[in-house]
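Here's the structure, in structure tokens; my notes come after.
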Amino acid sequence: MSYYIIITQKEMEMLHEKPWSARLAYLMGLKPFMDYKTCIVGLKRGISYRSIMETLAVPDGRGRHSEQQVVVTEKMVRHALKVLKESGLIEQIPADKKLIF
């Protein structure tokens, strides 16, 4: 499956100086799954804290030292989403047990 994402200059400015986890959560965990007709993420294709965690994780590989690995936690993802909400990049839509932005 191939897809394109569109990032506006305003979004780039809003992401400036945000933590790496918030930037990656937005650019790789949310934006690729946005329905561009409705600008909603999580309705057509569900997302979860787990899916965002997996997006942020860097697999251990040859030549990588384990002490350099960052273990992505649900707490980190929740914090990243909080940063994005507070900066005005996303707005959570109340839904029963679903993440929708």
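In the chain, helices alone account for a calculated mean residue ellipticity at 222 nm of -9000 deg cm²/dmol, with every DSSP H run of four or more residues adding -39,500 (n - 2.57). Taking 7 Å steps out from each Cα toward its Cβ at C39 and K98 produces label points 2.0 nm apart. Modelled spin-label separation between H79 and E13, with each label point placed 7 Å from Cα along the Cα-to-Cβ direction: 2.8 nm. Counting every alpha-carbon pair across the chain, the share separated by more than 22 Å comes to 31%. Here the Karplus relation 6.51 cos²θ - 1.76 cosθ + 1.60, evaluated at θ = phi - 60°, turns the backbone of segment 94-101 into coupling constants of x, 8, 5, 6, 10, 8, 9, 10 Hz, with x for every Gly and Pro.
Any read-out appearing in this document is the output of simple, stated calculations on the displayed coordinates, not a laboratory observation. Source: prediction; values computed, not measured. Positions of Cβ are generated from backbone atoms using ideal geometry, with glycine treated the same way; all protein chains shown enter the neighbour counts.
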